[in-house]
There are 2 protein chains.
Amino acid sequence: MESRCENCIIRQFNSLRAMSKEELKRVSDSKTTKVIKKGEPIFQEGEKLDGVFCVRDGVSKLSKLSANGKDQIVKLASKGEVIGQRSVVAEESVNLSAVAVSDMEVCFIPKEGIVSTLHTNPNFTLEVLRHMAHDLKEADDVIVNMSQKNVKQRMAEAFLYLKNNFGEDEEGFLKLILSREDISNVVGTAIESCIRIISEFKKKGYLKTSGKKIGITDEKALTNLVEGF
Amino acid sequence: MESRCENCIIRQFNSLRAMSKEELKRVSDSKTTKVIKKGEPIFQEGEKLDGVFCVRDGVSKLSKLSANGKDQIVKLASKGEVIGQRSVVAEESVNLSAVAVSDMEVCFIPKEGIVSTLHTNPNFTLEVLRHMAHDLKEADDVIVNMSQKNVKQRMAEAFLYLKNNFGEDEEGFLKLILSREDISNVVGTAIESCIRIISEFKKKGYLKTSGKKIGITDEKALTNLVEGF
DNA sequence: CAAAAGATATGATATTTATCAGGTTTTATG
DNA sequence: CATAAAACCTGATAAATATCATATCTTTTG
């Protein structure tokens with residue numbers, strides 16, 4: 001099952017779209033496609049990366065482990081996103097671990113093709129820069145949320161985020177299914193607090209659940225909560 | 001008092017060093033120098049910027065205001081740093097406010113010179129990209145600290161950060177003098193908690209104070225605290 | 001320099017959140 | 001499909017942190 005970057009629609013969503021035909025051809029010739037099962041790592045904090053990963057399908061959590069054994073999820077990357085870019089650009093080891101939270105298909109692109117294009121094609125470099133500028137803004141927003149919103153507000157925000165970024169199924173449940181532990185690692189709270197707040201939101205009619213699946217039943221209420229009403 | 005970018009040593013610390021002679025000349029011809037007094041704003045959240053600011057002297061806090069009226073300081077920018085870059089690169093309004101925390105001298109560089117160089121000189125674009133990659137890593141670290149360290153640990157870390165980045169005077173006090181309110185806005189805590197912890201650190205012999213000045217007297221103890229011992 | 005404003009400090013208390021301990025339900029596996 | 005393991009849930013309690021009230025010290029300003 002051969003597939004070429006030139007024909008890949010995913011590319012439209014990331015910086016690879018700014019590559020020339022020739023550059024893209026070179027990338028396509030050097031890339032390899034990998035299937036990663038839910039729970040498996042793509043890379044670990046501290047590793048040196050020899051390239052970047054373009055997500056074709058599925059979702060990966062990017063997280064950092066702390067001394068006390070807790071993981072903080074900094075970002076969820078899905079279809080179209082390129083991960084490991086920061087590390088390759090800065091020529092540093094990765095500062096985050098990437099683990100699949102659903103079954104994934106990713107393309108590994110060796111860094112040589114990326115780096116040489118960065119040096120010669122300003123459109124591509126600028127496109128990567130724009131994506132990084134966007135990530136930086138999002139990171140700033142997370143910092144502010146962490147310090148100025150309480151756990152209940154951050155939980156509400158997390159569910160709205162999951163709905164807006166990954167969508168709902170036909171029955172109104174969030175498409176991206178995360179364990180309670182992963183949710184608490186996104187929000188930055190203890191698992192028990194996370195579970196307790198889900199129960200509370202259910203009682204109040206903001207959420208519904210079915211096993212691990214969670215659905216939003218009162219979006220307005222969650223929005224109000226985030227805004228501080 | 002004329003001064004040219006070509007002769008400015010500050011430039012060595014930021015992405016302007018990757019500009020060609022001609023590009024730099026153009027920037028220098030269009031730039032204006034401004035003096036900003038302590039407490040005065042450089043720009044405010046939501047504004048559209050017509051250029052970037054290169055810090056020649058002094059320190060600026062980059063912060064974001066929340067609904068409840070609290071300010072979270074996301075970054076302290078000093079000599080050599082370029083602020084407003086993210087906004088100009090992404091062609092978005094600024095997501096943070098910049099206010100001088102000490103008297104400052106900055107150069108305002110209209111965006112035209114920057115943007116056209118971004119499109120034509122990949123070395124410059126790559127240099128800007130590398131700086132942004134560094135900022136993004138730092139932001140990720142702040143997120144993790146916020147969620148995984150307690151207020152006392154974050155306070156300890158803040159003092160070590162201030163020492164490492166802005167230095168000490170001859171008497172061993174931190175050179176950068178911040179109000180207790182600014183410190184609490186860096187750490188993400190209530191002013192009273194911030195003041196209380198400073199008192200506690202003084203009692204334990206970790207810090208000394210003299211008016212607004214704060215000095216570190218037991219660096220090892222602060223480091224241990226951060227590490228969780 | 002006196003009055004006012006602002007910043008710093010501390011105690012008492014309330015609120016939020018984490019932790020511990022013990023359940024139940026769900027999922028994985030031989 | 002039985003059993004173990006993992007994930008989920010809830011209550012009780014402890015710890016961390018914010019808030020309110022008030023006092024003192026410092027700086028600014030008329």
How tilted is helix B:151-166 with respect to the longest principal axis of chain B? Cα atoms for both, answer in degrees (0 to 90, nearest 10).
50
Highest-first arrangement of A:181-194, B:48-61, where packing means the average Cβ count within 10 Å
B:48-61, A:181-194
Normalised by the residues of region A:162-229, what does the relative contact order come to in percent, with Cα pairs under 8 Å and at least six apart?
27
Region A:121-167 shape via C-alpha gyration tensor axes, a/c threshold 1.5
oblate
Around A:R196 (Cβ within 15 Å, Cβ-to-Cβ, excluding A:R196; K/R +1, D/E -1) the net charge comes to +3
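Take the Cα radius of gyration of region B:131-209 and divide it by 2.2 N^0.38 Å, with N its residue count; two decimals is plenty.
1.15
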Average the reciprocal distances over every distinct pair of alpha-carbons in chain B, invert the result, and give the Kirkwood radius in Å.
18.9
Mind checking the dipole of region B:1-156: about its Cα centre, +1 per Lys or Arg Cβ, -1 per Asp or Glu Cβ, Debye to the nearest 20?
460
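Return the FRET efficiency for the residue pair A:K38, B:L160: r is the Cβ-Cβ distance, R0 is 56 Å, and the value is rounded to the nearest 0.05.
Efficiency for this residue pair is about 0.90.
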Work out from phi, with θ = phi - 60° and the Karplus expression 6.51 cos²θ - 1.76 cosθ + 1.60, the ³J(HN,Hα) of each residue of region B:120-129, listed in order in whole Hz, and give x for Gly and Pro.
10, 10, x, 5, 5, 4, 5, 5, 4, 4
May I ask you to list the aspartates and glutamates whose Cα is less than 17 Å away from that of A:K202, ignoring any residue fewer than eight positions away on the same chain?
A:E157, A:E171, A:E192, A:D218, A:E219
I need the shape label for the protein assembly as shown. Rule: rounded when a/c is under 1.5, else prolate if a/b > b/c, else oblate, with a, b, c from the alpha carbon gyration tensor.
oblate
How crowded by other chains is A:77-86, given as the mean number of beta carbons from other chains within 10 Å of each beta carbon?
1
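Readers should treat all values here as calculations from the given coordinates under stated rules, not as data from a laboratory. Treat the numbers as computed from the prediction; the structure is a model and nothing was measured. Quick reminder, even Gly has a Cβ in these numbers, built from the backbone with ideal geometry, and neighbours come from all protein chains shown.
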